[in-house]
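Asker: After the structure tokens below, expect a handful of questions from me.
The values are calculated or read from the model by the stated rules, or taken from the named source; none is laboratory data. Being a predicted model, the structure only gives us computed values, none of them experimental. Cβ atoms come from the backbone with ideal geometry, glycine included; neighbour counts cover every protein chain shown. Just so you know, the surface numbers come from the protein's heavy atoms only, side chains and all, with ligands and any DNA or RNA stripped out. Shrake-Rupley method; radii C 1.70, N 1.55, O 1.52, S 1.80 Å.
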Amino acid sequence: MAETRDVVELILQDHRRMEDLFHRMRSVEADRAAALREFADLLVAHALAEETKVYPALKRYENIDDDELDHGEEEHEEGNQALLDLLEVDEVGSAEWDEKLEELVKAITHHTDEEERTILNGARENVAMDRREELGGAFLEERERRLKESPGAADNVRRLVSS
């Protein structure tokens, strides 16, 4: 990944990493459980960093739709529930696991597509690069702090879903 501090590009890089992990989770030749662990940690840390550092700052911009930001947070909750459903399946690669994986892929793909078209394009068009770089630094710092806590562990995701 290219070194950037632009929050838009950093979020896009995470989205592409998630897509790569979906491919690994679908592959019978990959370590699907390891891919799920990496995905779970990234998804939770990414969403929490967006919600604490990026979305509140973007709400201050007139040309970025607050409803889209609120909707993004709702979709994070849906993604967490789909993630928990997959984490709670006992056997990796079972029919149930594959079904729950596809539900997760659908939820996250829908969210990332919508976020890229609305929130991120709005940020790219309306937020100066120096501010996007400030937000990128805050996003990276928060995401990395969260990643150290193994945020994608089933117990943690369960707490997020129930709160």
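Asker: So for the range 145-153 (the condition being under 14 Å from the mean Cα position of the chain (by Cα), not charged (D, E, K, R) and not in a helix (DSSP H, G or I)), does at least one residue qualify?
Answerer: Taking the range 145-153 as the starting set, the residues that turn out to be under 14 Å from the mean Cα position of the chain (by Cα) are 146-147, 151-152.
Those left that are additionally not charged (D, E, K, R): 147, 151-152.
Okay, now just the ones that are also not in a helix (DSSP H, G or I), so 151-152.
For the range 145-153, residues under 14 Å from the mean Cα position of the chain (by Cα), not charged (D, E, K, R) and not in a helix (DSSP H, G or I): present.
Asker: Of everything in the range 121-154 that's charged (D, E, K, R) and at pLDDT below 95, which residue is surrounded by the fewest Cβ atoms within 10 Å (Cβ to Cβ)?
Answerer: Going through the qualifying residues, I end up with 125.
Asker: Look through the range 108-120, keep the residues that are among the charged types (D, E, K, R) and surrounded by fewer than 16 Cβ atoms within 10 Å (Cβ to Cβ), and return whichever of them is farthest from residue 83 (Cα to Cα).
Answerer: Per the criteria, the residue is 117.
Asker: Something else: State whether one or more residues within the range 49-59 are open to solvent by 10 Å² or more (accessible area, probe 1.4 Å) and of a type in the set (A, V, I, L, M).
Answerer: No.
Asker: Further question: So, in the range 15-70, how many residues would count as being in contact (Cβ under 8 Å) with a residue 24 or more places away in the chain and small (Gly, Ala, Ser)?
Answerer: Counting residues in the range 15-70 that are in contact (Cβ under 8 Å) with a residue 24 or more places away in the chain and small (Gly, Ala, Ser) gives 6.
Asker: Could you please let me know if residue 123 is within 17 Å of residue 53 (Cα to Cα) and either of a type in the set (A, V, I, L, M, F, W, C) or out of contact with any His (no Cβ under 8 Å at 6 or more places or on another chain) (or both)? Give the derivation first.
Answerer: Values: within 17 Å of residue 53 (Cα to Cα): yes; either of a type in the set (A, V, I, L, M, F, W, C) or out of contact with any His (no Cβ under 8 Å at 6 or more places or on another chain) (or both): yes.
The answer is yes for residue 123.
Asker: How about the range 20-43: which of its residues are out of contact with any Leu (no Cβ under 8 Å at 6 or more places or on another chain), assigned to a helix (DSSP H, G or I) and open to solvent by 70 Å² or more (accessible area, probe 1.4 Å)?
Answerer: Matches in the range 20-43: 20, 23, 24, 37.
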